[in-house]
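Working notes, structure below.
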Amino acid sequence: MNKKVVFLVITLMFTVSLSGCLGRGGGKGDGDKNMGSPEEVNSDDYNVLYIGHSFGRLFAQTLEDYAHTAGFSDHSQFIEMSGGASGAPDALWADDGHRENIKAYLDTGEIDVMIMICCSIEFMETGAQSDEAIWNFTDYALENNPDTRIGLALPWKDYPSDYDNATEYRNGSDEAYESWKSLASNLSADYPGAEVFTFHHGAVSYELREMFERGELEGDIEEMTGSKETSIYTDYKGHAGDMMIDTGTLIWLHAVYGVDPMTMPEFTQWEVDVRQISKELIDEQNQE
């Protein structure tokens, strides 16, 4: 990767690292939009822990219902959330409260999957080569349960309306995901016995905007930003509307359980088949 592309990727990562102020509500937890507590972790369940900002929280929260619908009745979801850049791995590790609460989850030895989200400052400053905090969390997780799977999620760029069109908005996203996968490969090399996987739910944001601009979402989406029921985004920051959450959660479901989106029940509230959109994005990511 040449220096110009590296600079482009790091610029993009700086943008997405600031993604994730508090989004639409729900959840079983407190005002920080956490979900569950370490005391609720049950050894009989398949326990998935997401740590990060709200550009991941919305999907992690919805994942519980999707997993149950897909037949994984033992799925139990936990979320340790902090808004914006404070939800990046380095900020969570540096914060005493968040770090110790995450450790309390991991101390149970019953966390089956831990998912982190981009991007730490170190990741940006090193040209997407390293992120010590991801290694710290992974090391601690595997000490408590060597079978814990480590997932790395890549979100979308925030402030979508600052970009003139979908092409400009999407620019650099493929390079960003390649860098994210390279980081995961380095992590996997250092922990050869662990399963490390990546997924790019942020791709849903770019795809839906492209479809909207081509007029392919008529009947579902009325405007790019507005009501959560009829818009891609709910605010200027770029928090996800309902269609984006439905489509993106299918990518999470595939990442965690390998579920083909087309095997899920049809989403009758949408005229477009969001299952097909997510499947095509998953196939593209698997081919890269």
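The values are calculated or read from the model by the stated rules, or taken from the named source; none is laboratory data. Worth saying up front: this structure is predicted, and the values here are computed from it rather than measured. Here Cβ is always computed from backbone atoms with ideal geometry, including for glycine, and neighbour counts include all displayed protein chains. For accessibility, only protein heavy atoms count, side chains too; no ligands or nucleic acids. Shrake-Rupley method; radii C 1.70, N 1.55, O 1.52, S 1.80 Å.
Note on residue 197 and residue 126: their simple-model spin labels are 2.5 nm apart, each label 7 Å out from Cα toward Cβ. For the chain, the share of DSSP beta bridges that are antiparallel, to the nearest 5, is 10%. If only the Cβ of Lys and Arg carry +1 and only the Cβ of Asp and Glu carry -1, the dipole of the chain around its Cα centre is close to 500 debye. Note on residue 227 and residue 185: the model spin-label points, each 7 Å out from Cα along the C-beta direction, lie 4.7 nm apart. A Cβ-based charge dipole, computed about the Cα centre of the range 66-205 with Lys and Arg at +1 and Asp and Glu at -1, lands at about 340 debye. Projecting the Cα atoms of 115, 130, 165 onto the charge dipole of the range 110-172, computed from C-beta unit charges around the Cα centre, puts 165 farthest toward the positive end.
Seen from residue 193, the other residues with C-beta closer than 14 Å to its C-beta sum to a net charge of -4, counting Lys and Arg as +1 and Asp and Glu as -1.
Which links in 157/181; 103/157; 33/228; 33/279; 33/157; 103/279 stretch past 26 Å when you go from one Cα to the other? Flagged as over cut-off: 103/157; 33/279; 103/279.
Rounded to two decimals, the Cα-based Rg/Rh of the range 37-154, with Kirkwood Rh, is 0.96. Placing +1 on the Cβ of each Lys and Arg and -1 on the Cβ of each Asp and Glu in the chain, which of 87, 56, 278 has its Cα farthest towards the positive end of the resulting dipole? Highest projection toward the positive end goes to 87.
Counting 0.36 nm for each residue step from residue 96 to residue 162 and taking away their Cα separation leaves a gain of 20.3 nm. Counting only Cβ charges, +1 for Lys and Arg and -1 for Asp and Glu, the dipole size of the range 196-288 around its Cα centre is about 380 debye.
Computed over the alpha-carbon pairs of the chain, the distance histogram in 5 Å steps reads 1, 6, 13, 18, 20, 18, 13, 7, 3, 1, 0 percent, short to long.
Only helical runs count toward this figure. For the chain, summing -39,500 (n - 2.57) over DSSP H runs of n ≥ 4 and dividing by all residues gives -14000 deg cm²/dmol at 222 nm. Measuring nothing but protein heavy atoms, the accessible surface of the range 140-205 at 1.4 Å probe radius is 39 percent carbon and sulfur. For residue 188, the accessible area of its heavy atoms, probed at 1.4 Å with every protein chain present, is near 40 square angstrom.
For residue 237, a cut-off of 20 angstrom between C-alpha atoms picks up these aspartates and glutamates, skipping any fewer than 8 places away in its own chain: 32, 158, 162, 164, 168, 207, 210, 213, 222, 223, 229, 246.
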